[in-house]
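Before anything else, here's the structure in question.
Nothing in this text is a laboratory measurement; each read-out follows from the coordinates by a stated rule. Owing to the predicted nature of the structure, the values given are computational and were not obtained by experimental measurement. Here the Cβ positions follow ideal geometry from the backbone for every residue, glycine too, while neighbour counts run over all protein chains shown.
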Amino acid sequence: MLRDADPDDKAEVYRQLGLRLTYQTETQTVRAAVDLSAHRGVLVCVREATRPIAPPPMTLSATLRLARN
């Protein structure tokens, strides 16, 4: 479904997900990284006074080699 979407719509979906794609011309690879921090809940301590604890930042990334058709 996303494969056939308008490029502007794809960009908006990627933006909302926090996905960054960076093309590396010298290696013909794409570096994909997503920041999951915005999609994680807030921890709350219940043993002492209740206070929100922000989880540490979490970023996943991978380098993908482009296939030749």
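So, in nm, how far is label L17 from label R31 when the simple model puts each one 7 Å beyond its Cα toward the Cβ?
1.9
Separate question: Working out 0.36 nm times the residue gap between R3 and L64, then minus their Cα-Cα distance, what length gain in nm do you get to one decimal?
On the way: separation 61, 0.36 × 61 = 21.96 nm, distance 1.71 nm.
Length gained between R3 and L64: 20.3 nm.
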